Every structure is written in C-alpha cells, then in structure tokens.
Amino acid sequence: MLHRRRASRLALFSASASALALLLPALAYGEAPTAAASGEGDGSGEVIVTAQKRSEDVRKVPISLSVLSGAALSDQKIADYDDLSRAVPGVAFNAVAGEEGRDNIVIRGVSSTSGASTVGLYLDDVSITVPNLYRDGSIEVRLPDIERIEVLRGPQGTLYGDSSEGGTIRYITAPAKADSFSATMTGDLSGTQHGGLNYAASGTANLPLVTDKLALRVSANYVKESGWIDRYTLSGVLDKKRVNSGNSLTARVSATWTPDPTLTITPSFFYQRANNADNAAFYPAIGIWKQNKEVAEPSHDTVMLGSLNVKKTLGFADLTSVTGLFDRVAARQEDGTYLNSTAFALFFLDPIYPEFQSQNDSIIATLPSAVHYRTHYRQFSQELRLSSNSSSPGPQWLSWVAGAYFATQNVHNVDYQTIDAINSTFQSIYGMPMEQSLVETAYGNPTYGQPGGGDAIPLFPNGIDESDDRTYRQHQYAVFGQASIAFAKGWKLDLGGRYSAAHEDFVSVETGFYQIGNLGYQTAGQPASPPFTQRATSKAFLPKATLYHELSSQSSVYASAAKGFRLGGPTGPITFGPTSVCNGDFQNIGQTTQPTHFTSDSLWTYEVGTKNEFLGGRARFNASGYLTNWRNIQQQIYLPTCGYYFTSNIGNARIWGAEADASLKLSPSLQINGTVSVNDAKVIQSNNPVDVAVGQHLIAVPGFTATAGANYLHRLNGSTAITALINYAYTGRSYGSYLLTDPNYRNPGYGVVNASAGIRFGPHTLSIYAKNLFDNRTIIQRPQINTVVEGYTVHPRTIGLSLRLVE
C-alpha cells in the first residue's frame, strides 16, 4: 500500500496523462520530431547471470549470450519478440498470424514453424515452451518487474533439454527482498499512426513481512492497444476501423522465505491474459492495412504458471528443487470462407453442375465460414539438482552440477469449422438435399454412400465442414550433469551431457465433409469407426564440451561443440487417396503415403568466440562464429489447394554465421553501441526435392542484421539528469517459403529507428519516445494463410509519454 505522502506524485501522474490525451494524436499522426530516447549505460561493472544454473559474471561465461536488463527493456520499449529480434544479434521471428502468442522464434538460423520448438522459453527456472503442433506460437511475457532477459545462442540441451536446438530465452524476475519496502508505478500514453490512443499502467510492490526472513512481491501490468487495420466489405465499403485492437493483463505474486541462512523457499504464481479483437494481417491485394475478410479473427491467450523453488545448502553442495505447473489456453477464430465455402463451390460443385455455376459462385461461395481453434496445454515439471559451492569438498579447480528432470505434458486441440446455412442454401438452389444430389446424381462414390441405398453419409452435419478433436500426451525423463575443470592457470574445460527419454500418445477423431475417408473419421448415424491413434518413444544423449582460456582479466577466448535435439511427434492425419480433397496436392509433391508422424531431428554446432574489455571497462567487444550441421529437419509442408499443412522430415541443412557486439563510452555522458550478425542457412540434402530443393534457404532467417545506437545521460545536479537514446536496427532479406511461386518466398530487408528523450528527477523518470520513428511501411512478410495472401508490416509509428514513479 502506498503511503499518504505519495498522493502528490499520483496527482502529477494523473495531470500528465490528461494533458497527453490532447497532445499525442497530433504527434503520432503528424511529422515525427527528431528525437532521442532515455537510456543509461555505464560501460562497467559486473553483470551476473545464471545461464549455466549457477551465478556467474557474464564476461566469464563461455556462451554466446546477450543480457537485457529490466531498465533496458523499459528504455527501449521492448514489448514483444518483434522488438527483441531487433535488439539482440542472431534472433529473428516468423509471424504466423500477426497476433499475440503466434510468433515462432528463430536463433542462429535454426528455424522451423512446426514440430517441436527450436527455442526453449523459461520463466525463471520453469519451462513455458510449447510444441508447434497446432500453429500456436511462443508466449510473450509482459511482466513489469523482469530483472533481465538472458538470450543464450546455440544448443543448450545439456542443461535445458530438447527444444533448445537454436538456443534458450530466459525471463528472470526480480525476487522479493526482506530488507526494505519498495514500490514502482508506471503510466504510459501513446498514439499510433493510422490507429488511435494506447495506454498502459503497471505497478510493483516489494513488501517485507518479517525482517530478513520473509517478503512478498506483487506486480501487475495492463496494456490497451489501438489497432491500425481497417476492414472493408467485399464491395469495397469501409466497415470498421482499427479492428486489431487488443489488451493484456499480467500479474505475478511471489514470496521469498528464508527460515535459516541455509534454506530459501520461493513460491510464485504468474497469470497473463491477452485478447485481440482481430489480427494484424492485411491483404496487399486491396492496399496496406486493409482487409476484406468475411469473418473476424479474434484470439484469446491465457497463461497460468505456479512454481515452487527450494534451495538448501547442505555443506558439501547446494540442493535445488524446481516444481512447475503450467497451463495455457490458446483460442482463436479464423476466416475459412475461401478455404471452405469458396473451395466447395469452385472445386466441387461447378465441375459437376455447370448449369448452377452462377448460384454456386455468388451465393454458396460467399457463405461465411468460421474456423474455431482451441488448444489447452497442461504441463507438470520437476527438476532436482545438486551443484558445488565454495564449501564443497575436493579440489578447488573443480565445479559441477548434476540433476534429474521429469515432465508430463497434455495438449488437447479442437478445430471446429462450419459453413453458415450450407445445407438449407444448397436445397433452396438445387431443390433437393445435398446428400441425395451429390451421391445419387453426381459422385456415385462409395466413400459418400451407395446411390439409392439410403445410407448416404451426412456431408455437412449441422453445417460442420470439418471438426477435429486431438489429444497429445508426452512423458519425459532426463538426467544431466556438467563439470568445469580448471586444469591450468587461465584454462578451463567444461564437459556436460544429458540423457533423455520420452514417450508420446496421440488420439484423433475427425468429422465433416473435408475429413470424409480420413483416419479416425466418425459421423452421426453411421457405424462408429475407431479413432486414429499413434504411439512413439524417443531417446537421445546430448553432449557438450567447451574449452575456455582467459588471456587476461579483461579478455578471453573459447571454443565449443554441442548437440541439439527435438522430439518427434504426430502430424495430421490428413485426408489421403484418389478421392480426397488433397489428392492433387499430394500428387504434385510426389507424396505416395499418408503422412501421420515425423521423427526426431538433431544438430551439432561448433563455435569459437571471444569476450573483451578495454580502456578500463569503457569499451567492450564480443564476437563469435559458428557452424551448424542439422539433420532430418522437421519442417512444415503446405498443400495450397486443400489448405492443409503437415510436418515432415525434409532432409539436412548447413548453417554458418557470425555475431559481434561492441560498446564504447566516449565520455561520462555518452555511450555508443552496435551489433552485427551474418547467417547463411541452406538445405544441403533433401528427402523430397519437389517439397524442398537442395540449395534453398531455411525460412525466416535474415542473412544480415545490424544495429547502431547511442545513449546519453547528463546530470544537471545531484538529483536531476536529462537522458536520450536513439537506435537503428536493420533486418536483412529472408525467405518465408520453399515454394518459388509463393508470394512469401522472398522477404525484403528493412530498417527501424527508435528514439526517446527524458528527464530524471531523483528516482523518477518522465520520457517521450517514438517507436518506428520514420514510420517504415515495408511489407516484411506475405504468408499464405488458408490460401489467402496476407501482409505484415512493422508496428506503425507510435509516439508516447511515459512516467515512472519509484518509492
């Protein structure tokens, strides 16, 4: 609870927000001023990370690693993976549907939109990684009290398991502290070009309950964002503006209990709810930021995570237990009108009944079809590990960590698709029920029932054209260990390994016209057929070796070799055979068997790197180079005519690249910084060259990225300072598809400028900022979703004012 003496500060915040409501639209919609933004970097001091599950100075960790502090996240307004990809070298993203929780993350060219994830995501020590089975992407954590984000590049399987082939991203929260009270309040008001007003508010309180023993930390964040996409009718009339508005609510409660100096118990609960009225996709065919879909595409993503971390010092080692219970419900609606209604009219009815073509194309083809997806993820995980400490017996040149891990995951997906009034509309046009017309007059196909036999299958029962009910269960067990051996002065050898085994079960039941004849197909009024089932077991050993040499107290070099691994899994099932809706697509790619599953893939990455400080800590330079050999890659194959996807092991790829980052403190007030990343990721062997040809680039991998920025802080007196920050980020050309005819095949490069300026008075900060200052409108991706070409740009220019009050 805030003290009464803070009332004046709250009044200041309220007055500032009221004034901004009138000021910001003019800033956002007019010409952007030349500006910089707030930020402070002192170029010195230790940065402690826990990337190797023990506390270390980042300069001593032999991993290509980027760390973004909570202050940097706030100053640079990093709100999502789109922003993160332009702030950290080697990181990219693939927009699945332009909405919350749908992006796939790419690190060092290890890119895949299907199968298991290639990047592990963690909130503190608990995994929040989900598989790419149902086109749900990575969770975007929007906590206000993130202490830091650690981005670990390269395979991290030894300590973090499968799904860390490309790397791992860790959100580290600020712990509750029992020594003093603190509170922070932040308010943000902004305006978006071609959009409207946005606002956000967050608060964090650290509450000591028992001095030096028990503390509680509470934080909450609410964000309301205006949209910038306008919806038009099929006749070109504006229907609604800013349809892709959204909001999110995030909250976390944690406690730190230290009953004695050897025991720390940390329970926590995290909740996040994100709603989008529609996605950020527009249709380039009718203009930038315009769409004319028949059905809105809202989404709702709810995440809950309960965890318990217990650390006990046993004298000879530290014992840590991490228990996590993760729950996520990702629900969304998509416009399936073209894929379902239009395709049915054009490809099924018109060839059979050309005399009804005008009615088919003008009436049936335009019946709205809503596609409802709902995926419920539940996971329980438990990790126990022992790690050496300063009191461990044995030689001081040896440090180690060893542990065991268990997780059970349940994923339930429902895909429910309907065409409004399809049965009654058909009968009004043709004068007879659809089953009678198609079975007796046209098809005479045993798949749909026998002509005149009275046993015709209901083609669209209750208007359903497809309904899938699929459950995926996985149990995973692992043991792991890593030892660090300082075998000579300035030399260290790290050796680690992880053995894991997993078992999966998959059950699928299908209904509706587009699933007739598929494995697991069932329909009312017909003899029940068994659901489709699949079981599989995977095993892997993931070794890692790193040689580290400290050239001096300010410079080091290292070399490493590490293996990454992803579990296999089910795909589909997808209708297959000469009478199926996908027959032509399968013939075009030479697929002669029905795809039902994909196997595990793996890679080896070989890396060399260096970390350096110069000029007494005023200058830093880090660089690394790597080569990755990726075998049996899990990738998504798109069937454009019937609109289905399936996951297949496409072959092998080779990825090479390099990264560098540098900073220089030019004066006590001014620091400059920059990063650069180059990457070449190509297929070198293909299991089916018709699907993916040798020499093609892996998708969503920019060949070149770079950033350049400057931070300025000038103190006016002991408690007041002015700050400024400006940053330019360039993302190079990439590829979004393996099909040369796909409009998403080649995506252009683009640059974004972010800037802010502000004033600090004591611990408080008032700043004005601009994201995408010059309003870059490059169409950065053109994915084809359900046969419709969509477009995405960078978030339009947003100018805002932020006030932060600290107690």
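The values are calculated or read from the model by the stated rules, or taken from the named source; none is laboratory data. Only a predicted model underlies this, so the values are computations on that prediction, with no experimental measurement involved. Don't worry about glycine lacking a Cβ; one is built from the backbone with ideal geometry, like all the others, and counts go over all protein chains shown. Side chains included, ligands, DNA and RNA excluded: accessible areas come from the protein's heavy atoms. Shrake-Rupley method; radii C 1.70, N 1.55, O 1.52, S 1.80 Å.
Here are some notes:
- Within segment 563-612, considering residues that are assigned to a strand (DSSP E or B) and open to solvent by 70 Å² or more (accessible area, probe 1.4 Å), the one modelled with the lowest pLDDT: HIS597
- Residues of segment 633-683 that are free of Cβ contacts under 8 Å to residues at least 40 places away in the same chain, more than 23 Å from GLN696 (Cα to Cα) and assigned to a strand (DSSP E or B): ILE672, GLY674.
- Qualifying residue in segment 703-713 (condition: farther than 30 Å from SER802 by Cα and not aliphatic (A, V, I, L, M)): yes
- Scoring VAL690 on the criteria (1) open to solvent by 40 Å² or more (accessible area, probe 1.4 Å); (2) out of contact with any His (no Cβ under 9 Å at 6 or more places or on another chain); (3) at pLDDT 95 or above leaves a single failure, condition (3).
- Within segment 480-500, the only residue that satisfies the criterion of being within 21 Å of TYR405 (Cα to Cα), among the aromatic types (Phe, Trp, Tyr) and open to solvent by 20 Å² or more (accessible area, probe 1.4 Å) is TYR499.
- Residue list for segment 613-632, filter: part of a strand (DSSP E or B) and within 28 Å of the chain's Cα centre (by Cα): ASN622, ALA623, SER624, GLY625, TYR626, LEU627, THR628, ASN629, TRP630, ARG631
- Yes/no for VAL322 being under 24 Å from TYR134 (Cα atoms), open to solvent by less than 40 Å² (accessible area, probe 1.4 Å) and under 36 Å from the mean Cα position of the chain (by Cα): no
- Leading residue by the ranking (surrounded by the most Cβ atoms within 10 Å (Cβ to Cβ)) among those in segment 116-130 that are in contact with a Leu (Cβ under 8 Å, 6 or more places away or on another chain) and either more than 18 Å from THR158 (Cα to Cα) or among the hydrophobic types (A, V, I, L, M, F, W, C) (or both): ALA116
- Applying the condition of being over 17 Å from the mean Cα position of the chain (by Cα) and either of a type in the set (S, T, N, Q) or under 28 Å from PRO259 (Cα atoms) (or both) to segment 272-304 and asking which residue is surrounded by the fewest Cβ atoms within 10 Å (Cβ to Cβ) yields ASN292.
- Scanning segment 613-643 for residues that are over 26 Å from GLU165 (Cα atoms) and either touching a Cys at 6+ places or on another chain (Cβ under 9 Å) or open to solvent by less than 20 Å² (accessible area, probe 1.4 Å) (or both) yields a total of 6.
- Residue tally, condition free of Cβ contacts under 8 Å to residues at least 40 places away in the same chain and out of contact with any Asp or Glu (no Cβ under 7 Å at 6 or more places or on another chain), over segment 276-313: 4
- In the condition set (1) under 23 Å from GLY674 (Cβ atoms); (2) open to solvent by 30 Å² or more (accessible area, probe 1.4 Å); (3) among the polar types (S, T, N, Q), SER734 is compliant with all but (2).
- Taken over segment 394-405, the criterion of being open to solvent by 60 Å² or more (accessible area, probe 1.4 Å) and part of a strand (DSSP E or B) is satisfied by LEU398, TRP400.
- Of all residues making up segment 240-269, the number that are more than 30 Å from LEU314 (Cβ to Cβ) and either of a type in the set (Ser, Thr, Tyr) or in contact (Cβ under 8 Å) with a residue 40 or more places away in the chain (or both): 7
- Under the condition of being acidic (Asp, Glu), open to solvent by 40 Å² or more (accessible area, probe 1.4 Å) and within 25 Å of the chain's Cα centre (by Cα), the residues counted in segment 185-225 number 1.
- THR741 vs. criteria at pLDDT 95 or above and either crowded, with 16+ Cβ neighbours inside 10 Å or in a loop (DSSP other than H, G, I, E, B) (or both): no
- Which listed residue, of ARG715, ARG782, ARG760, is more than 30 Å from ALA660 (Cβ to Cβ), of a type outside the set (Gly, Ala, Ser), crowded, with 17+ Cβ neighbours inside 10 Å and more than 23 Å from the chain's Cα centre (by Cα): ARG760
- Tally of residues being closer than 20 Å to PHE282 by Cβ and in a strand (DSSP E or B) across segment 744-780: 5
- The listed residue being modelled with pLDDT under 95 and over 25 Å from LEU121 (Cα atoms), out of SER245, SER180, SER163, SER190: SER180
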